[in-house]
Each structure stands twice: as C-alpha cells, then as structure tokens.
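The values are calculated or read from the model by the stated rules, or taken from the named source; none is laboratory data. Computed from a predicted structure; not experimentally measured. Counting neighbours? That spans all protein chains shown, and the Cβs are built from the backbone with ideal geometry, glycine included.
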Amino acid sequence: MQTQKIIYAVMLALLLFSSTGLTAEAASGLPNSPEFGYGARVSTTGQQITQALALAPDIGLDWIAVNFDWARLWPNPDVEPEFSTLFELIGQARQKNLSVLVSISNPPAWAMTPSGPNPDTTAAITLRMVSSYHGSLLVVELFPGANTGRGWGTTPNPEAYIGMIQIARNALANQNLQAYVIPSFSPLSTTPSAGDIDDLTFLKKFYEAGMPTPIVGLRYQEIVGQPISDPAQGELGVLRHYEFVRNFMLQNNHRTDLIWITGFSWPSQLASMEEQASWVYNAYKLLKAQLYIGAAFFNGLTPSSPEEFFYSPASLVLADGSLHPAAIQLRRVSSSTGESFDTALAVPQIQKGIIKKHIHKTILKRPSS
C-alpha cells in the first residue's frame, strides 16, 4: 500500500509547476524544424558538469541528454526517488537555452513485471519529469536498446514496449503536456546475447500495430570503423547502420519519420586524441547531411563514472576542465566553418536512388507529435 501511495504521489507531484523555456516547435532536430540538432550526453555522476554546460553552447550544442538510471536513483519503492541531481542538471541546461532529452533506463527488480518494466510506474516517472520542466524537457527516450535484454531488463517484448509507450504518451496528453515519448533500439553488437532481437524486426512490430513513430531513436553500444564504413559489407557495429533503418522506414511508407542517434562515440580502437577528433568531425558532417536524421548525441559531454548504466569513457570536456580536440571539431561542423563536405558522404551508396526520390518531398513538412 505504501509503495502504491508513493507512485501516485510521483504522478501527481509538481503538476501545478510550470516553467518557461524552449518550445517543441522551435527546437532544432524535432519534427517541424529544418535544423539539425547537435547534442551530447551528460552524466549525473560526471565531473565538471557546471563548467561543461557553460561551454556547451560555445561548442555548438543545442541539446543535452541525461540518463535517469532507475535502479540507482529509485532503488527502493518505499522511498521517494532521487530527482534532485537530475533536476538541477536540467535546470542548468535550461539557463543555457539547451533543450533536454531524458533517457529512462535500468529498471530495478521491484519495478519489473513478467513482460518487462512496469508501464504505469514508467509513465509516472515520465509525467513527473516533463511536468517539472515542461518546455525544456522535450523528449523522453524509454529504455534505449529495448530490443536487447540489457536495455529492457528481461527478454525483449515488443508488444509490451508498444503498450508502455502509448500509456506514457496518454499520461502526458491527459495533462496537456507536450513532449515526444520515443522508442529507441540498439543495433545488435558483434556478440549479441540470447534473446536479443534485431532492431528492424522490433520496429516492424510498431508499424504492424499502427503506432506513430515520428522519431525513432538509435543508441549505439559500440561502433567500429570509420564513419563512412559501408554497412553493406556485412560488418556489424558501423555508424551507417542507420541507412538500413531508413530503408526500412521507406519500405513501410514512414517517409516523414526521423531517426535520432541518441548515443554514439568513436571506436575504442582509436587511441590518439587527433584520431578521435577527426572521427567526430567526419561523423557529424555525415550525420548532418542526412535530411532524415534529426539529431545526434555524442557520448558524452563530461566524463562519467563506471557505475553508470550507459558508461562511456569518451568526453568532450575532460576531467581537468579542458576541451578535447573533438569539441573543437564539433564546433567547426556546427558553425559551418569547416572545409567543404564531400557530397558522396551526403547520400551514401546504399541510399542513392531511394532518398533522392522521397526526402525532398517531405523534409519541409515534418510530422508533429
């Protein structure tokens, strides 16, 4: 009974709180915006957070993404969840006019049902966060990598995931709150776990159910090769895997849906900062050139701690507060001061003849939520 009361309190708390900030219509990367969104992930346990957020606009960022690590921030159902650090970070981002994406991940055992994370409690968390920072928190990513056991917390279940997203969307709509609640999948790694489902197979279930997907998230757990590496060669883990997702969208008449890269980083094999910076420059140039990619979030803006559920050692702002050379390269891309871009990268071979046929008719009229 006590647990249920706390869950209800989470759902109702702060609904009277209103905040001013960016509007969904104006934020880059969203449907109805012609601008590409530059983002980076910020860890609530990271270092140099305040300094990094102060620098974010200067290196060309429009967005930050923050992870709500459920098991770490709400481990006990009989105690109120720990939102203070998360909310403080979002508040700092709002002061810098940065739009915010929050990712809910790592469900604790108490929140699990036989089919996956509890959808009502997930909706309650979503409702509290969006109501607290309405106008700044514009996108909620539910359980990135839900097509994998690690992302979903148990055997992936597309039907349960679809139902959860609908419940969360309805919770926001009932309170007249505007934010995108998006599905998010991970390309399978070179060593997938038993029970993991291919991301396209998962996405097909959304289409079969008639579920609107104005934004589809892709969270890369690992990337190999250069940004331009051809996915048609059959190597798993290349950045251009998004082309397969786009082709699948077109085949299913979802031409106006956008792809968001909600987490990616340079390959772990790149040891030098110069190589890493060059990789980031070429990756963002490539991603920006694809008109169907709304935004891309680098892992991460600041160094995180290894206990983070989506831990990544890469960071644009280093532990001593200095900038990684990749941050300078990101600024070059976002400010369009870099050298001219090879047009062959803008429409890679696997997409030629398909994108040209459809994208130009839809890019100026993107779907609303």
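Assorted remarks:
A quick yes/no check of all residues on (1) more than 16 Å from Gly263 (Cα to Cα); (2) without any contact (Cβ under 8 Å) to a residue 40 or more places away in the chain; (3) touching an Asp or Glu at 6+ places or on another chain (Cβ under 8 Å):
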{"site": "Lys204", "(1), (2), (3)": "yes, no, no"}
{"site": "Pro214", "(1), (2), (3)": "yes, no, yes"}
{"site": "Ile223", "(1), (2), (3)": "no, no, no"}
{"site": "Pro231", "(1), (2), (3)": "yes, no, yes"}
{"site": "Gly234", "(1), (2), (3)": "yes, yes, no"}
{"site": "His241", "(1), (2), (3)": "no, no, no"}
{"site": "Phe248", "(1), (2), (3)": "yes, no, no"}
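- Odd one out for Val280 among (1) touching a Gly at 6+ places or on another chain (Cβ under 8 Å); (2) outside any loop (DSSP other than H, G, I, E, B); (3) surrounded by 22 or more Cβ atoms within 10 Å (Cβ to Cβ); (4) not charged (D, E, K, R): (1)
- Listed conditions (1) assigned to a helix (DSSP H, G or I); (2) within 30 Å of Phe244 (Cα to Cα); (3) at pLDDT below 95 are all met by Ser189, apart from (1).
- For region 291-298, the criterion of being buried (at least 21 other Cβ atoms within 10 Å of the Cβ) and assigned to a helix (DSSP H, G or I) is satisfied by no residue at all.
- Unmet requirement for Thr155, which otherwise passes all of (1) under 19 Å from Asp199 (Cα atoms); (2) in a loop (DSSP other than H, G, I, E, B); (3) in contact with a strand residue (DSSP E or B) (Cβ under 6 Å, 6 or more places away or on another chain): (3)
- Where a residue in region 89-102 is over 18 Å from Leu142 (Cα atoms) and its partner, wherever it lies, is part of a loop (DSSP other than H, G, I, E, B), with Cβ under 7 Å and at least six apart: Leu89/Thr44; Ala93/Ser136; Arg94/Gly21; Arg94/Tyr133; Arg94/Ser136; Asn97/Leu22; Leu98/Leu61; Leu98/Asp62
- Residue count, region 75-118 (criterion: under 29 Å from Gly37 (Cβ atoms) and charged (D, E, K, R)): 4
- Scan of region 38-69 for residues that are within 17 Å of Val216 (Cα to Cα) and either aliphatic (A, V, I, L, M) or surrounded by fewer than 24 Cβ atoms within 10 Å (Cβ to Cβ) (or both), ordered by number: Ala65
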